[in-house]
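The values are calculated or read from the model by the stated rules, or taken from the named source; none is laboratory data. The model shown is predicted, which means the values in this text are computed figures rather than measured ones. Neighbour counts run over all protein chains shown; Cβ positions are idealised from the backbone, glycine included.
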Amino acid sequence: MALRPDLAIIAGAVPAGSRALDVGCGDGELMAALKGKGVDARGLEIDPANVTAAIARGQSVVQGDCNRDLADYPDDAFDYAILSQTLQTTERPDRVVDELLRIAPRAFVSFPNFAHWRIRLALLWGGRMPVTRLIPVAWYATPNIHHVTVSDFRDLLREKGIAVESAWYLSGDKPTSDAAASWRAEHAIFLISRR
Amino acid sequence: MASMLHQIRHQSVTIPAPLPLDSGQRLPAVTIAYESYGTLAADRSNAVLICHALTGDQYVASDHPATGKPGWWARMVGPGKPIDTDRYFILCANVLGSCMGSSGPASPDAASGAPLGMHFPVITIGDMVRAQAMLLDHLGIDRLHAVVGGSMGGMQALAWTAHYPERLGSAIVIASAARHSAQNIAFHEVGRQAIMADPDWQDGQYYGSTRAPAKGLAVARMAAHITYLSEAGLTEKFGRRLQARDIKSFGFDADFQIESYLRHQGLAFTDRFDANAYLYITRAMDYFDLADAHDGRLAGAFVGAKDVRFTLVSFDTDWLYPTAESRRIVQALQSVGAAASFVELSAPFGHDSFLLDVPALDRLVAGALSAGR
């Protein structure tokens, strides 16, 4: 089965032989790809059915909540921390980013860009919270409690003095440019590191 | 009757080497009764040790010689089952201090030949594990693919990772804890006092007599059995329903189904277990605290176990060894960088869930076992 485009990018960018923690690893799809290329991948996942499925696939996954349980990992426990499509669901995304860069010197963070042109138009013309392919749930039921845009995230990194090593912007599964990302990217993937 | 129990012949080995105990005493020789299933691979890489719980035994997947009932984990262990006897060589030894053929309080004194009774030294979970390691040495098995256990079996699995991490590929610890809590000790003390208050206990020297403390042992089992079940499970199974009657007796018969059930459980237990063994094994559990030897820091116990793959499972209705105890172990493992998996499964059966039909547990155990291969 083909990996989701953002996961494929992350899987390709984590070097073989490194140690990685996939925060919100689901049923272990990305971890399986990482292990296939020789990454020592471990996971944290909140949903027990997903954890069970991942362990049944032979992966090392701990059931836990990234809002609280990242604190249990020691500093620099990993080379990479990965948070894919989860940032916008956390209670305090800024603190989660701090935790990611405490337990690993580098982190991948991917999220749906709330400033994509389709969302802008939906708000502008419809006057309603948009329901899109990447944000498929109505406002009252969505787990995305902290919607974020590419520009917001860049600002947060700047405020925190966090370096961007690479960034990928996707419209569908096609890349889009850095300059146009704010309105053309459906989702963004950042590789960030401590300065 | 306990006396009948000791007539059963078990497959066992007597290792003439002394076993030094945590208490400072030593056993001059150790007898270990065990069962095995499957075939040991030519390179001896497929051995899986299953550790049994307090009142369990080595008959993990074969009929119990006293009761004739199927093995206590026959649903988990067998050809094509999660612990697959077609793939693994499975070993289960009766724990030190127990009553199914291994050295314990019913064993004879070396000098007099009389049953030791309370002269048998107090043993620990660590001592049980050292005896198992002696058995592996005897069988020529250097390294275990995995050690697996639920409840007290999980304590042994944890002790294995602390004492012999270099001999282990992985450890699967189900519904267990790295220490006995005050509440755990309290329930055990009730059980021990019930046994010792029975006049037939005779200070533990009842083996040669016509009387055995069956009443005390039955009460101990009744109290313990409640702790193995969940409140919701008891309510669903028994509620306030009356046993074989329509109205209350206004007496002290077993009016309620739950009373009748517990009495039956207590009585049946005395056919297959020895009261002194119950005293010794509960004591070993009470003394268990893996952090003890590391100034109270549990992580200290796992410093050597970075290369062991851990899988921990708890159950949401288990109040005897609740999820918080498994989480505490996971935190300690994460702090030393060991590969740990943990999940809390939802099952209605309380602590006993690890023995019962929980399909997610089957998938987990099978996956965790094959991951190390």
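Remarks
- Selection status of residue A:2, away from every other protein chain (no Cβ under 11 Å), crowded, with 18+ Cβ neighbours inside 10 Å and among the small types (Gly, Ala, Ser): no
- Some residue of segment B:333-346 being under 20 Å from the mean Cα position of the chain (by Cα) and at pLDDT 95 or above: no
- Any hit, segment B:8-15, residues being in the same structural domain as residue B:84 (by TED's automatic domain parsing), assigned to a strand (DSSP E or B) and in contact with a helix residue (DSSP H, G or I) (Cβ under 7 Å, 6 or more places away or on another chain): yes
- Lone unmet requirement of (1) over 19 Å from residue B:10 (Cα atoms); (2) crowded, with 24+ Cβ neighbours inside 10 Å for residue B:96: (1)
- Residues located in segment B:260-277, provided they are within 22 Å of residue B:189 (Cα to Cα), in a helix (DSSP H, G or I) and touching a residue at least 12 places away in the same chain (Cβ under 8 Å): B:262, B:263, B:265, B:266, B:267, B:268, B:269, B:270, B:275, B:276, B:277
- Where residue A:52 falls short, out of the listed (1) under 18 Å from residue B:346 (Cα atoms); (2) facing chain B (nearest Cβ under 9 Å); (3) in a loop (DSSP other than H, G, I, E, B): (3)
- Taking the criterion of being within 15 Å of the chain's Cα centre (by Cα) and in a helix (DSSP H, G or I), the residues of segment A:23-35 that qualify are A:29, A:30, A:31.
- Conditions (1) surrounded by 15 or more Cβ atoms within 10 Å (Cβ to Cβ); (2) under 14 Å from the mean Cα position of the chain (by Cα): number failed by residue A:122: (2)
- Residue in segment A:57-80 that is farthest from the other protein chains (Cβ to nearest Cβ), counting only those that are over 30 Å from residue B:362 (Cα atoms) and surrounded by 18 or more Cβ atoms within 10 Å (Cβ to Cβ): A:80
- Between B:49, B:21, B:5, the distinction of being under 14 Å from residue B:133 (Cα atoms) and touching a Lys or Arg at 6+ places or on another chain (Cβ under 9 Å) belongs to B:21 only.
- Residue B:310 being more than 13 Å from every other protein chain (Cβ to nearest Cβ), surrounded by 24 or more Cβ atoms within 10 Å (Cβ to Cβ) and touching a helix residue (DSSP H, G or I) at 6+ places or on another chain (Cβ under 8 Å): no
- Unique residue being within 25 Å of residue B:371 (Cα to Cα), within 15 Å of the chain's Cα centre (by Cα) and among the small types (Gly, Ala, Ser) when the list is A:20, A:41: A:20
- Residues in segment A:144-195 that are free of Cβ contacts under 8 Å to residues at least 40 places away in the same chain, among the charged types (D, E, K, R) and farther than 26 Å from residue A:91 by Cβ: 2 in all.
- Selection within segment B:323-343 - facing another protein chain (nearest Cβ under 7 Å) and either farther than 11 Å from residue A:63 by Cα or out of contact with any strand residue (DSSP E or B) (no Cβ under 9 Å at 6 or more places or on another chain) (or both): B:331, B:334, B:335, B:337, B:339
- Complete set of residues in segment B:278-316 that are under 22 Å from the mean Cα position of the chain (by Cα), part of a loop (DSSP other than H, G, I, E, B) and of a type outside the set (Gly, Ala, Ser): B:287, B:288, B:290, B:308, B:316
- Total residues in segment B:200-221, condition in a helix (DSSP H, G or I) and over 16 Å from residue B:120 (Cα atoms): 9
- Residue B:303 being away from every other protein chain (no Cβ under 11 Å), without any contact (Cβ under 8 Å) to a residue 60 or more places away in the chain and surrounded by fewer than 20 Cβ atoms within 10 Å (Cβ to Cβ): yes
- Of the listed requirements (1) farther than 24 Å from residue B:118 by Cα; (2) in contact with an Asp or Glu (Cβ under 6 Å, 6 or more places away or on another chain), residue B:58 misses just one: (1).
- Hits in segment B:81-126 - residues which are of a type in the set (Ser, Thr, Tyr) and free of Cβ contacts under 8 Å to residues at least 24 places away in the same chain: B:112
- Residue A:38 falls short on exactly one of the conditions (1) surrounded by fewer than 20 Cβ atoms within 10 Å (Cβ to Cβ); (2) in a loop (DSSP other than H, G, I, E, B); (3) at pLDDT 95 or above; (4) at negative phi, and that condition is (4).
- Scanning segment B:344-355 for residues that are facing another protein chain (nearest Cβ under 8 Å) and of a type outside the set (S, T, N, Q) yields B:344, B:345.
- For segment A:71-89, the set of residues classified as over 11 Å from the mean Cα position of the chain (by Cα) and not charged (D, E, K, R) consists of A:71, A:73, A:74, A:77, A:78, A:80, listed by residue number.
- Of the residues making up segment A:161-195, those that are out of contact with any strand residue (DSSP E or B) (no Cβ under 8 Å at 6 or more places or on another chain) and surrounded by 15 or more Cβ atoms within 10 Å (Cβ to Cβ) number 3.
- Conditions (1) free of Cβ contacts under 8 Å to residues at least 40 places away in the same chain; (2) more than 8 Å from chain A (Cβ to nearest Cβ); number of the one not met by residue B:358: (1)
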